[in-house]
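Read-outs: derived from the displayed coordinates by stated rules, not from any lab. Everything numeric here is computed off the predicted structure, so don't read it as measured data. Here Cβ is always computed from backbone atoms with ideal geometry, including for glycine, and neighbour counts include all displayed protein chains.
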Amino acid sequence: MQAIRVHEFGEPEVMKLEEVPELQVGPGQVLVKIQAIGVNPVETYIRSGAYAAALPLPYTPGTDAGGVVEAIGPGVKAVAPGDRVYTSYTVSGAYAEKALCLESQVHSLPPQVTFAQGAGLNVPYSAAYRALFQRAMAVPGEVVLVNGASGGVGVAAVQVARAAGLTVIGTAGTEEGRRLAVAQGAHHVLDHRLEGHLQEAMRLTENRGVDIILEMLANVNLGRDLEALAPGGRVVVIGSRGTVTIDPRLTIGREASVLGMYIWGATEKETRSLHAALGAGLANSTLRPVVGRELPLSEAVKAHHDIMEKRAYGKIVLIP
């Protein structure tokens, strides 16, 4: 079978499409024939060597895919050959024609959800759900501002928050992205390229401020975010590409919190809980992953360049 392999850390060009041995399913494992693969920013950081916990070389990147169960190992009860599934991590890597997973890493994919949409589920929707409900402890009726509402996590956050009864303010840097945020359920959408756009968020809340900010680019926005929070407000940092200087006094009067979010930090119970919630949202169609572009697996290098260099619009998906 074919798979992307990384033999050294570095630029996207270190990824090579190679012929690799067929995978053999073992006890408690599931072999998935992959139909679509989700591309996430975290995979570019790992590939570059920026993460201290970078994978041992060589490795196949990727955690998220949509596909069909091809075989199961002894002891597997949750799925059977022929089942449509999405993956939340893998044993062997998702940038491939097939992936080996633990039983706990595969989840039912309803028939109305495409494989490409399934590939866009795990990291974006897990991050959005964990940030909102396991870190910020959001409750219905609160106001959430999603900074970067047209990207993979942003779209997921808008849908998840709207379905849970929150008032959603999204931001995006293009007209296309703002239209997307509205289409996914945002009550209000702002242009985050405009200086002072957060003053508009204050106006929308009658100068009370927003209860929660989901932040995809903390190194640029965190300092300004703190000025737009309501009393008791929380900023959840989902992504950052550098350092930032803030005035901590902005947290004092508001008794505000800045929280980190790391989906790999979820406990086993939290992971089961969030995938149960995502499964329910898929089944009732309140969660609808948006696929921005599909590229062949052979263009994984281009996908990694694009996800970091171009404005986000939906999910980039690779097709084996």
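Of note:
- Along principal axes, Cα extents of segment 46-129, largest first, whole Å: 37, 31, 22
- Inter-probe distance in nm under a simple model that places probes 7 Å from Cα toward Cβ, at Ser285 and Glu18: 4.5
- Linear extension gain, Met1 paired with Glu268, 0.36 nm per residue minus alpha-carbon span: 92.9 nm
- Look at the dipole of segment 124-264 built from charges on Cβ: of Ala186, Gly242, Met137, the Cα furthest out on the positive end belongs to Met137.
- Exposed loop sites are taken as chymotrypsin sites (Phe, Trp or Tyr not before Pro) in a DSSP loop (any state but H, G, I, E or B) with at most 12 other beta carbon atoms within 10 Å; the longest stretch of the chain without one runs 52-261.
- Contour minus Cα-Cα distance for Ile319 and Gln112 (0.36 nm per residue): 72.6 nm
- A straight chain from Phe9 to Ile246 at 0.36 nm per residue would run longer than the Cα-Cα distance by 82.1 nm.
- Projecting label points 7 angstrom from Cα along Cα→Cβ for Arg193 and Ala78 puts them 4.3 nm apart.
- Two-site label geometry, Glu294 and Glu175: point separation in nm, points 7 Å out along Cα→Cβ: 2.8
- For the chain, the mean residue ellipticity at 222 nm estimated from helices alone is -7500 deg cm²/dmol, where every DSSP H run of n ≥ 4 contributes -39500 (n - 2.57) and the total is divided by all residues, rounded to the nearest 500.
- Neighbour-count order for Leu190, Leu204, fewest beta carbons within 10 angstrom listed first: Leu204, Leu190
- Counting only DSSP beta bridges with both residues in the chain, the antiparallel share comes to about 50 percent.
- For His305 and Glu70, a Förster radius of 25 Å and the Cβ-Cβ distance give a FRET efficiency of 0.20, rounded to the nearest 0.05.
- Cubic angstrom per residue, convex hull over Cα atoms of segment 124-264: 96
- Dipole check for segment 124-264: with +1 at the C-beta of Lys and Arg, -1 at the C-beta of Asp and Glu, and the Cα centre as origin, the magnitude is about 260 Debye.
- Long pairs among Lys33/Lys315; Lys269/Lys302; Lys33/Lys77; Lys33/Lys302; Lys77/Lys269, criterion Cα-Cα beyond 28 Å: Lys269/Lys302
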